[in-house]
Amino acid sequence: GAVVSQHPSRVICKSGTSVKIECRSLDFQATTMFWYRQFPKKSLMLMATSNEGSKATYEQGVEKDKFLINHASLTLSTLTVTSAHPEDSSFYICSATTGTDNIQYFGAGTRLSVL
Amino acid sequence: DAKTTQPNSMESNEEEPVHLPCNHSTISGTDYIHWYRQLPSQGPEYVIHGLTSNVNNRMASLAIAEDRKSSTLILHRATLRDAAVYYCILRGHNAGNMLTFGGGTRLMVKP
């Protein structure tokens, strides 16, 4: 099956710093990648959709200058949380689609803790 | 997006079948029914999907009502590793591959 790798799995940072999370499709080319965030005991909330080589489409209420998404290749998308604050602490999850089977393949998630 | 309704939680005994229900009374004719599950501290994983006919794969079976207003995910023999939150999601034909997650059903499996 298609494999999506997400790195790092856990990050702790100081308030005001920026954190970059990588999402890679290991054995397929991802036409579209998605970024979600999930608070404890809550469901996944879609943050943005990104297609390779074009600007990401952000969901309502998600600040594009706060959550920078780069999708420079068909196998890599990055999410940078800029000037992180404690309220940004959350579980961030990426997913990717091959464009052929209508399935989203998810990474293992990144737990961000901002002190 | 058409909405789905699932019980918040269910319990099952190990090695017994589990039937996870999902209501989607406002489903449109072109909506696919997708199921994903999320194990603790993991990203979700795909389980199964279908449109009108029942579907089987190595993980589960999907039974879709004739009027498509409900569906049931069937795990034939629950194991402790099946303890997870199960999400029933409708994917619109024109939504690309976008998924909107609801609350899901937390399945607890007792040994």
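Evaluated against (1) touching a Ser or Thr at 6+ places or on another chain (Cβ under 6 Å); (2) more than 8 Å from every other protein chain (Cβ to nearest Cβ), A:Ser73 falls short on exactly one condition, (1).
Restricting the stretch A:64-96 to residues that are crowded, with 17+ Cβ neighbours inside 10 Å and touching a residue at least 60 places away in the same chain (Cβ under 8 Å) leaves a set whose member that is nearest to B:Gln42 (Cα to Cα) is A:Ile93.
Taking the stated definitions as given, is B:Ser28 among the polar types (S, T, N, Q) and exposed (fewer than 15 other Cβ atoms within 10 Å of the Cβ)?
Working: among the polar types (S, T, N, Q): yes; exposed (fewer than 15 other Cβ atoms within 10 Å of the Cβ): yes.
Considered against the rule, which asks whether it is among the polar types (S, T, N, Q) and exposed (fewer than 15 other Cβ atoms within 10 Å of the Cβ), B:Ser28 comes out as yes.
Give A:Ser50, A:Ser54, A:Ser43 a once-over and let me know the one that is out of contact with any helix residue (DSSP H, G or I) (no Cβ under 6 Å at 6 or more places or on another chain), closer than 22 Å to B:Asn97 by Cα and not in a loop (DSSP other than H, G, I, E, B). Talk me through it step by step, then tell me what you get.
On the way: A:Ser54 fails: not in a loop (DSSP other than H, G, I, E, B); A:Ser43 fails: not in a loop (DSSP other than H, G, I, E, B).
Only one candidate qualifies: A:Ser50.
Cβ separations smaller than 7 Å between residues 6+ apart or across chains give the following pairs from the stretch A:23-38 residues that are away from chain B (no Cβ under 11 Å) to residues that are of a type in the set (Phe, Trp, Tyr): A:Trp35/A:Tyr92; A:Arg37/A:Phe91; A:Arg37/A:Tyr92.
Taking the stretch B:65-111 as the range and being more than 14 Å from chain A (Cβ to nearest Cβ) and part of a strand (DSSP E or B) as the test, the residues that pass are B:Ser70, B:Ser71, B:Thr72, B:Leu73, B:Ile74, B:Leu75, B:Leu107, B:Met108, B:Val109, B:Lys110.
We did not get these values from a lab; they are worked out from the coordinates using the rules stated. As the structure is a computational prediction, the values presented were derived from the model and not from experiment. Quick reminder, even Gly has a Cβ in these numbers, built from the backbone with ideal geometry, and neighbours come from all protein chains shown.
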